[in-house]
1. If GLY98 satisfies every condition in (1) within 18 Å of ALA168 (Cβ to Cβ); (2) in contact (Cβ under 8 Å) with a residue 40 or more places away in the chain; (3) small (Gly, Ala, Ser) but one, which is the exception?
2. Would it be correct to say that LEU117 is among the hydrophobic types (A, V, I, L, M, F, W, C), surrounded by fewer than 19 Cβ atoms within 10 Å (Cβ to Cβ), in a helix (DSSP H, G or I) and without any contact (Cβ under 8 Å) to a residue 12 or more places away in the chain?
3. With the structure loaded, tell me whether SER41 is crowded, with 16+ Cβ neighbours inside 10 Å, closer than 24 Å to VAL129 by Cα, touching a Lys or Arg at 6+ places or on another chain (Cβ under 8 Å) and of a type in the set (S, T, N, Q) or whether it fails that test.
4. Kindly evaluate GLY31 against the criterion of being assigned to a helix (DSSP H, G or I), under 13 Å from the mean Cα position of the chain (by Cα) and either loosely packed, with under 14 Cβ neighbours inside 10 Å or acidic (Asp, Glu) (or both).
5. Return yes when TYR107 is surrounded by fewer than 19 Cβ atoms within 10 Å (Cβ to Cβ), at negative phi, aromatic (Phe, Trp, Tyr) and assigned to a helix (DSSP H, G or I) and no when it is not.
6. Looking at ALA63, ALA83, ALA73, ALA37, which one is assigned to a helix (DSSP H, G or I), within 27 Å of HIS124 (Cβ to Cβ), hydrophobic (A, V, I, L, M, F, W, C) and at pLDDT 95 or above?
7. All but one of (1) part of a helix (DSSP H, G or I); (2) closer than 23 Å to TYR143 by Cβ; (3) in contact (Cβ under 8 Å) with a residue 60 or more places away in the chain hold for LEU20; state the number of the condition that does not hold.
8. Report every pair of residues separated by at least 6 positions or lying on different chains whose Cβ atoms are under 6 Å apart, first residue within segment 65-76 and farther than 12 Å from LEU113 by Cα, second of a type outside the set (A, V, I, L, M) and surrounded by fewer than 20 Cβ atoms within 10 Å (Cβ to Cβ).
Amino acid sequence: MNADATNVLPASYRDTIRVLVKYAVVMTVVGLLAGVAFQESSKKLDYADVAPGVRLEAILSLALVHGHMLVTAVIFPLVLAGALDLARRAGGAELSLGAQRWLTRGYLPSVTLTVALMLYKGYHMLLAVRFGERDFAAIDAAYFGGVLPLRHAVCGLVHVAMAVSLIAFGVALWRSFGRKA
């Protein structure tokens, strides 16, 4: 393979990278809006209404969404797009469309669901305290309508899907260096 060939990405790579970058751009806006939503929502839980520790516990889950969203839904997709590009330019063999789909049809949907679950949990906690509940064990027990197996199944499946997608893509990327390009 000559040096010029490594600078030309296959069409499937360009499509995958385009999806990852567009997703990151959209999630940047969504992440910033999540930060604004947190700020505005937490203002509605007045310091005079609850003790400082209770307030912190009530807003913490929602406060974490903004940062987690920017890391998992903005930075990771950009890093993965860069890894796809750099591996090819460094002489890695072309990944199959199936390997690339671990990102676009595996990681992106599962990280979207993860963020949605975090928003749900954050607002569940905050609103419960705003409406007078102070027993955090009861608030936690009421998450997912109090159906603990459903909670574990949904959260577990989403996180496993995200992990499997990243591992499968990482293995495919790693193995691309063992094959002739």
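The values are calculated or read from the model by the stated rules, or taken from the named source; none is laboratory data. Since this is a predicted model, take the numbers as computed values, not measurements. Cβ placement follows ideal geometry from the backbone for every residue including glycine, while neighbour counts extend to all protein chains displayed.
1. Against the list (1) within 18 Å of ALA168 (Cβ to Cβ); (2) in contact (Cβ under 8 Å) with a residue 40 or more places away in the chain; (3) small (Gly, Ala, Ser), GLY98 comes up short only on (2).
2. For LEU117, the condition - among the hydrophobic types (A, V, I, L, M, F, W, C), surrounded by fewer than 19 Cβ atoms within 10 Å (Cβ to Cβ), in a helix (DSSP H, G or I) and without any contact (Cβ under 8 Å) to a residue 12 or more places away in the chain - is not met.
3. Considered against the rule, which asks whether it is crowded, with 16+ Cβ neighbours inside 10 Å, closer than 24 Å to VAL129 by Cα, touching a Lys or Arg at 6+ places or on another chain (Cβ under 8 Å) and of a type in the set (S, T, N, Q), SER41 comes out as no.
4. No: the conditions fail for GLY31.
5. When the stated conditions are applied, TYR107 does not pass them.
6. ALA73
7. Condition not satisfied by LEU20: (2).
8. So the pair list comes out as HIS66/GLY35; VAL74/THR28.
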